[in-house]
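Here's the structure we're looking at; comments come further down.
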Amino acid sequence: MNILGIESSCDETGVALVSCEADGCVPRLRAHALHSQIDMHQAYGGVVPELASRDHIRRVLPLARQVLGEAGASLEQVDMVAFTQGPGLAGALLVGAGVACALAAALGRPVVGVHHLEGHLLSPFLSADPPEFPFVALLVSGGHTQLMRVDDVGQYELLGETIDDAAGEAFDKSAKLMGLGYPGGPALARLAEFGDADTFELPRPLLHSGNLDFSFAGLKTAVRTQLLKLGTNVCEQDKAHLAASTQQAIVDVLVRKSVSALNETGLKRLVVAGGVGANARLREQLGAECAKRQVRVHYPELALCTDNGAMIALAAAMRWQRGLARARGDYAFNVLPRWPLNAA
Ligand code: KG4
Ligand code: ZN
């Protein structure tokens, strides 16, 4: 079974070809290609939805051709087309959905809508060290911060989530306040390497709340207040200290809550997925805490941490292997910009 996956939920167009057998072996990534729109949105300080949709239209078919070429496969060899059905930007999602359904209709093949976060949380199955079910998943992206108990594909129990900003948003908004551009997460992380995380005392919201929910909105307010105190001529060193302190505040909360989720569930595996999972400090601290508890941590390959088509094709493949792929025969499509994962 060859599955072509298309991701277009936000500011990255991703296409991939994954092959799988019905026997349940981990699917194999044949090829994947990605176009990031970061350069285009940078001038606006954030994603402009209309521009995102138009760019997806321009990129998706050339990327599909590239992927098939690299995999040495023809279009006729595609047995199923998968696309991100939600959550995400409605217009951007519609591009992927429209192209996927048109391709599938032309080929007479089934088409499957995939939940973006399911793609993220299954993405470590394409790594050299794939996890085994069950596990706790920490999903940390630009739009979501969630802890889930994952018993198998499609069996997701929400343990806790953010009540306001996502962890990625906290990185991005703080970075924007510091003038680091968009998306700020990686830029803030780079600057943090030159700073001392103990310099500024920043809040760790809900750290001791007794549940597994998160709140990051207060952090950017604290960063703004700190910047006002430092004045307009804030030096590069203070900025680096503030970046390090901000990163540490976010990482402390993510690590503490992940450990609590592991304790509560008694599970010994943690999967970290989503763009913020690329953060080196988070990886280092989670690694240390999990090692103390004999917990194994699994990450996607670095290239598959942020949005990509491989995770979408993979999720469709793993669903198909379990008879859970919701293939549609009529090629009519809709997208679900707001779609809770436990409803997927
Ligand atoms: O999963 P993703 O690519 O897209 C969404 O589905 O949202 O995540 C993007 C988020 C952005 O907020 C970005 O700033 C953040 O992941 N991010 C990072 C790093 N790399 C990406 N945040 C902190 N450190 C990083 N190294
Ligand atoms: Zn994502």
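Listed by first and then second residue, the pairs linking a residue in the stretch 282-299 that is surrounded by 17 or more Cβ atoms within 10 Å (Cβ to Cβ) to a residue that is of a type in the set (Lys, Arg) and part of a loop (DSSP other than H, G, I, E, B), with Cβ atoms under 8 Å apart and 6 or more places separating them unless they lie on different chains, are Val295/Lys268. Can you pull out every residue in the stretch 233-290 that is away from ligand 1 (no atom under 11 Å from the Cβ) and hydroxyl-bearing (Ser, Thr, Tyr)? Across the stretch 233-290, the qualifying residues are Ser245, Ser258, Ser260, Thr265. Determine whether the stretch 212-219 contains at least one residue that is of a type in the set (D, E, K, R), assigned to a loop (DSSP other than H, G, I, E, B) and surrounded by fewer than 20 Cβ atoms within 10 Å (Cβ to Cβ). The answer is yes, given that some residue of the stretch 212-219 is of a type in the set (D, E, K, R), assigned to a loop (DSSP other than H, G, I, E, B) and surrounded by fewer than 20 Cβ atoms within 10 Å (Cβ to Cβ). Among residues of the stretch 29-43 that are within 15 Å of Ile57 (Cα to Cα), those with a Cβ under 7 angstrom from a residue that is surrounded by fewer than 20 Cβ atoms within 10 Å (Cβ to Cβ) and among the hydrophobic types (A, V, I, L, M, F, W, C), sequence gap 6+ or separate chain, pair up as Met40/Leu51. Could you list, in sequence order, all residues of the stretch 11-37 that are touching a Pro at 6+ places or on another chain (Cβ under 9 Å), in a loop (DSSP other than H, G, I, E, B) and buried (at least 19 other Cβ atoms within 10 Å of the Cβ)? Once the filter is applied, which keeps residues that are touching a Pro at 6+ places or on another chain (Cβ under 9 Å), in a loop (DSSP other than H, G, I, E, B) and buried (at least 19 other Cβ atoms within 10 Å of the Cβ), the stretch 11-37 yields Asp11, Cys20.
Check the stretch 279-297 and report whether any residue there is within 15 Å of ligand 2 (Cβ to nearest atom) and touching a strand residue (DSSP E or B) at 6+ places or on another chain (Cβ under 9 Å). Yes, that holds for at least one residue. The single condition among (1) hydroxyl-bearing (Ser, Thr, Tyr); (2) under 22 Å from Ala280 (Cβ atoms); (3) at pLDDT 95 or above that Tyr182 does not meet is (3).
Conditions (1) among the charged types (D, E, K, R); (2) out of contact with any Phe, Trp or Tyr (no Cβ under 8 Å at 6 or more places or on another chain), marked per residue:
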position	(1), (2)
Arg59	yes, yes
Gln66	no, yes
Leu75	no, yes
Met80	no, no
Pro87	no, no
Gly91	no, yes
Ala105	no, no
Phe125	no, yes
Leu138	no, yes
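Counting only strands (runs of 3 or more DSSP E) that sit completely within the stretch 119-170, those holding 1 or more residues that are within 16 Å of ligand 1 (Cβ to nearest atom) and buried (at least 24 other Cβ atoms within 10 Å of the Cβ) correspond to 135-140, 145-152. Restricting the first member to the stretch 78-97 and to residues that are over 18 Å from Asp11 (Cβ atoms) and touching a residue at least 12 places away in the same chain (Cβ under 8 Å), and the second to residues that are in a helix (DSSP H, G or I) and away from ligand 2 (no atom under 12 Å from the Cβ), the beta-carbon pairs closer than 6 Å and six or more apart or on different chains are Val81/Ala100; Val81/Leu103; Val81/Ala104; Ala82/Ala313; Ala82/Ala316. Considering only residues in the stretch 177-207 that are under 20 Å from the mean Cα position of the chain (by Cα) and either closer than 11 Å to Gln248 by Cα or in a helix (DSSP H, G or I) (or both), the one that is farthest from ligand 2 (Cβ to nearest atom) turns out to be Arg190.
The values are calculated or read from the model by the stated rules, or taken from the named source; none is laboratory data. Computed from a predicted structure; not experimentally measured. Cβ: placed from backbone, ideal geometry, glycine included. Neighbour counts: every protein chain shown.
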